[in-house]
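Structure record follows, encoded as structure tokens.
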Amino acid sequence: MRRRTGLAIAGVAALAWGEWLNWRWSRTLVGSSGGASAAVVVLGYRNPQATANLINRWRVRAGIRSSAAGGAHGTCVIFSGGATSSGATEAQLMADYAKSVLEFDGLVLLEDQSATTWENITNVIPLLEDVDRIKIASQPAHALKARAYLRRQRPDLAERLVRADDYRPGEWMVVKPLLALYGLWTLRGLTADERKVTL
């Protein structure tokens, strides 16, 4: 009985820790920039098949709900990701899913040359020059990494970063501890200043 109770407490603690860390990451390196126009950058994930995989489908949904949040007029959604082994690009697969399955009829732009998160940011910068608010949609740790990269590459554009709707309490709850562990590993390359804000 005592062992069962201990396991239950440990499980609840792990869930709470994963939830908190993802919540924290979703609110790091963002501000409250205003303005009439906004862009949501949806980052692609390795996609070997000919249709959007589970992770990319979730990221598209998070991107679309981010475009609806905040009431900005003229929000565009930028799908970013290069070629996959199926021949199509991650950007195109995500755009196809958004339009055909989710029936998204808003403005869509594609960045289809990137193979890494750093390249995602480098290649979307020209599409962000004229928008007032920038949202990056992905899992919270990955989005934070991308925001840190934008901060390094273009600090002026990073001033326009606002929170995307890619964290919701209870969503992916069971896997959030694993996402948190993976996030800690992927964020190890951030600078000391970025880590101070993050952890």
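The values are calculated or read from the model by the stated rules, or taken from the named source; none is laboratory data. Everything quoted here is computed from the prediction, not taken from an experiment. Please note: Cβ atoms are built from the backbone with ideal geometry, for glycine as well, and neighbour counts cover all protein chains shown. To get the accessible areas, we keep the full protein, side chains included, count just its heavy atoms, and leave off ligands, DNA and RNA. Shrake-Rupley method; radii C 1.70, N 1.55, O 1.52, S 1.80 Å.
Assorted remarks:
- Unique match (being within 12 Å of LEU43 (Cα to Cα), among the hydrophobic types (A, V, I, L, M, F, W, C), in contact with a strand residue (DSSP E or B) (Cβ under 9 Å, 6 or more places away or on another chain) and surrounded by fewer than 19 Cβ atoms within 10 Å (Cβ to Cβ)) among LEU110, LEU144: LEU110
- Just one of the listed residues (VAL77, VAL101, VAL30) is farther than 21 Å from HIS142 by Cβ and among the β-branched types (Val, Ile, Thr), and it is VAL101.
- All positions within region 12-37 that are assigned to a helix (DSSP H, G or I), open to solvent by 20 Å² or more (accessible area, probe 1.4 Å) and not small (Gly, Ala, Ser): VAL12, LEU15, TRP17, GLU19, TRP20, TRP23, ARG24
- Selection within region 42-62 - β-branched (Val, Ile, Thr) and outside any helix (DSSP H, G or I): VAL42, THR51
- Checked across region 150-170, the condition of being farther than 24 Å from ALA36 by Cα and surrounded by 16 or more Cβ atoms within 10 Å (Cβ to Cβ) holds for no residue.
- Scanning region 72-103 for residues that are over 12 Å from ALA52 (Cα atoms) and touching a Phe, Trp or Tyr at 6+ places or on another chain (Cβ under 9 Å) gives a single hit, VAL77.
- Residue match in region 121-134 (condition: open to solvent by less than 50 Å² (accessible area, probe 1.4 Å), closer than 14 Å to ARG59 by Cβ and modelled with pLDDT of 95 or more): no
- Restricting region 38-67 to residues that are closer than 18 Å to SER80 by Cβ and small (Gly, Ala, Ser), the residue that is surrounded by the most Cβ atoms within 10 Å (Cβ to Cβ): GLY44
- Of all residues in region 141-153, none that is without any contact (Cβ under 8 Å) to a residue 24 or more places away in the chain has its Cβ atom under 8 Å from the Cβ atom of a residue that is among the charged types (D, E, K, R) and assigned to a helix (DSSP H, G or I), 6 or more apart or on another chain.
- Filter result for ILE136 (farther than 22 Å from GLU171 by Cβ, under 15 Å from the mean Cα position of the chain (by Cα) and touching a residue at least 24 places away in the same chain (Cβ under 8 Å)): no
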